[in-house]
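To keep things clear, I will list the structure first and then write my remarks on it.
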Amino acid sequence: MTYLCVHKETNTAMVRQIIEIANAFKGKTIITKKELSAYIHSIDGSATEAGIRQRISRLKKEGTIISVRKGVYALSNRPVYIYPSDKFITRISRLFSTQYSGINYCIWSSAWLYDFTIHQPVQFFYLFETEPDMVEISFNLLKDKGYKAFLNPDEQTMQLYVMGVKDPIVVRSLISRAPLVKNKAIKLPSLEKMLVDAYVDKKLFYFIQGKEIENIYKFSFSRYSINLSRLINYAGRRGIGNEITDFAKRNVQGLNQILINDQ
């Protein structure tokens with residue numbers, strides 16, 4: 001089963017590119033880097049190794065192909081995830097970056113996950129993650145500036161206090177080598193990171209477990225380009241690489257076949 005489905009919002013050039021690649025690899029579920037490189041060279045004999053790497057990188061960024069693992073791809077015309085604009089996030093990011101330039105961090109909203117749920121929770125929280133030795137410093141900075149910050153809250157604290165106030169900020173450590181993206185100078189988690197965190201951090205995301213976490217995976221994979229290699233690698237860093245793979249295979253249509261063919 002080819003991981004390919006055309007959506008109306010996909011631009012014409014992208015559709016044409018996907019169709020051309022799909023026709024070139026008709027019947028194949030996955031494509032190796034060697035095969036993709038040979039295809040690119042066949043349509044552009046002057047393409048250098050560096051040029052081929054750049055084209056493959058662009059295809060991944062555009063969502064035309066998704067990475068299953070290193071050097072192995074599957075076709076997908078799903079667009080990359082577009083982050084909602086959020087002035088509160090911009091303000092917090094600017095505050096931290098001004099005070100601690102060069103320190104790694106990311107910030108996001110649990111409400112972003114609600115786009116993939118059936119039931120829409122009324123309340124949400126912001127999640128600010130930074131280097132372990134900066135967590136308490138960041139927490140104090142936010143508190144001193146009047147923000148409602150909570151340091152590593154447990155589930156009871158989440159339910160009784162965090163979800164009961166406006167614009168709460170949960171502050172915690174950022175997992176090393178977590179997949180992040182930069183959007184207008186703001187460091188945000190990749191969609192793959194959000195999916196893994198929502199699954200792993202049940203005490204924080206207690207309100208979207210069970211059937212809702214299944215819906216989140218189903219709808220996110222059906223709407224956007226997901227980098228499988230990135231998702232599985234990050235899940236492995238969180239100690240659930242095999243578990244998240246099995247969970248995704250059970251809940252994402254077509255994914256099981258892709259992963260079986262990659263073995």
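Derivation of every value follows stated rules applied to the coordinates shown; laboratory data play no part. This one's a predicted model, so the numbers in the text were calculated from it and none came from an experiment. Here Cβ is always computed from backbone atoms with ideal geometry, including for glycine, and neighbour counts include all displayed protein chains.
Helices in the chain, meaning DSSP H runs of at least 4 residues, each add -39500 (n - 2.57). Divided by all residues, the mean residue ellipticity at 222 nm is -13500 deg cm²/dmol. As a proxy for reagent exposure, ranking T98, T245 by other Cβ atoms within 10 Å from fewest up yields T98, T245. Ordered by the number of other Cβ atoms lying within 10 Å of each residue's own Cβ, fewest first, Y105, Y73 fall into the sequence Y105, Y73. Counting every other Cβ atom within 10 Å of each residue's Cβ, D201, D167 order from fewest to most as D167, D201. Take every pair of alpha-carbon atoms less than 8 Å apart whose residues are at least six positions apart; their mean separation over the length of the chain yields a relative contact order of 21 percent. Expressed to the nearest 5 percent, the antiparallel share of DSSP beta bridges inside the range 87-258 is 55 percent. Treating each Cα of the range 87-258 as an identical point scatterer and summing with the Debye formula, the log10 of I(q)/I(0) at q = 0.10, 0.12 Å⁻¹ comes to -0.38, -0.54. A simple packing score, the average count of other Cβ atoms within 10 Å per residue, orders the peptides 50-60, 130-140 as 130-140, 50-60, with the highest score first. The label point for K182 and the one for A111, both projected 7 Å from the Cα toward the Cβ, are 2.7 nm apart. As a quick test, which of the pairs K87/K202; K61/K87; K166/K249; K33/K193 have an alpha carbon distance above 31 angstrom in this structure? Beyond 31 Å between Cα atoms: K166/K249.
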